[in-house]
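This report concerns only the one structure given below.
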Amino acid sequence: MQHGVYLEFLNFSGGEIFVVLIIVLLLFGGRKVPELMKGLGKGIKEFKDASNGVDNDTPKKDLEKKE
């Protein structure tokens, strides 16, 4: 039964999401929000690449030589 309790806090309605977005806009301002989202997107992409074992620092030619 407690499994549902832990996931209950993730159940946001449209109004709650709107309030959170307004608070973020007030805290960081209109110019910083796109920069924050860009950084967040890069971080998520790097995390996904790392979890899949993709290494962008190693050139493909070096990988072909190792095989």
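The values are calculated or read from the model by the stated rules, or taken from the named source; none is laboratory data. Worth saying up front: this structure is predicted, and the values here are computed from it rather than measured. So basically every Cβ, Gly included, is an ideal-geometry build from the backbone, and we count neighbours across all protein chains shown.
Couple of notes before you dig in:
- Meets criteria (modelled with pLDDT under 85 and surrounded by 10 or more Cβ atoms within 10 Å (Cβ to Cβ)) for F12: yes
- Residue in region 17-29 that is modelled with pLDDT of 85 or more, of a type outside the set (A, V, I, L, M, F, W, C) and outside any loop (DSSP other than H, G, I, E, B) present: no
- Some residue of region 41-63 being modelled with pLDDT of 85 or more, more than 18 Å from the chain's Cα centre (by Cα) and either outside any loop (DSSP other than H, G, I, E, B) or among the charged types (D, E, K, R) (or both): no
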